[in-house]
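Only one structure is covered here, and it is reproduced in the block below.
The values are calculated or read from the model by the stated rules, or taken from the named source; none is laboratory data. Everything quoted here is computed from the prediction, not taken from an experiment. Cβ placement follows ideal geometry from the backbone for every residue including glycine, while neighbour counts extend to all protein chains displayed.
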C-alpha cells in the first residue's frame, strides 16, 4: 500500500464506516489498521521498494537497533492517530498486524496480531519470543508462522532461487492453467496443505 499517512488515514475513515455498518447488523468485525506498514509503505522508511527499505533498516549492524527504534516510534505515532480516526466511527475490536521487529505499544489495541516466522536466524529464540508475547496478557493471534514448505527450510538460511521452494504458501499458484480436475481453481494444494488440514482436522475431533 504505497500511500502517505494522510492517504492511509483517509482510507481508514472510509473503511471503518463500512465495517461499523456490518458490525451493527450482527457481524463479528475486527478492524485491522494495516499490515507491516513499516515496510509496505513509503512513509516510514527511505526507499522505493520493500527490498530497499529492508536494506536501510537491517543492512548495517552498527545502525540496526537505532533505526528499528526510530521506525517503531514513527509507527506508534501514526497508529495513535489511526486509532482516533477509527474510534470516531467504529465500536468493534481494533488491532494491527505487525512484523516481529515492529515492537509496538499495544495498549490502544484490543488484540495483538504478529507475523512470527520461524527461520534459522531466530530458531534459538523463537519459543522465547512466543512466550514473551503471550506474557503481555492481551489476546494474541500469530498470523504468519512456520517456514517455507521444503524439508529443512526452518533450520537453514540459504538463498533459494527456485520460486516453488522459496514460497511460504501452502497452495501453489498456477499462472497459465487451472488445477487438474478443478477448472474453477487457479491453485493446487501442496503436501504442506494436506498436513495442516489433517492436523487441524484431528484437533477439531478431540
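What to note about this one:
- Restricting attention to the stretch 42-84, the residues that are more than 19 Å from residue 32 (Cα to Cα) and in contact with a strand residue (DSSP E or B) (Cβ under 9 Å, 6 or more places away or on another chain) total 0.
- Among (1) under 18 Å from the mean Cα position of the chain (by Cα); (2) surrounded by fewer than 16 Cβ atoms within 10 Å (Cβ to Cβ); (3) within 27 Å of residue 110 (Cα to Cα), the one test that residue 36 misses: (2)
- Applying the condition of being touching a helix residue (DSSP H, G or I) at 6+ places or on another chain (Cβ under 9 Å) and more than 13 Å from residue 12 (Cβ to Cβ) to the stretch 78-96 and asking which residue is surrounded by the most Cβ atoms within 10 Å (Cβ to Cβ) yields 92.
- Considering (1) over 19 Å from residue 101 (Cβ atoms); (2) modelled with pLDDT of 95 or more, the lone condition that residue 24 does not fulfil carries the number (2).
- Taken together, the residues in the stretch 110-128 that are outside any loop (DSSP other than H, G, I, E, B), surrounded by 14 or more Cβ atoms within 10 Å (Cβ to Cβ) and modelled with pLDDT under 90 amount to 2.
- Residue 17 being closer than 27 Å to residue 138 by Cβ, touching a residue at least 12 places away in the same chain (Cβ under 8 Å) and surrounded by fewer than 17 Cβ atoms within 10 Å (Cβ to Cβ): yes
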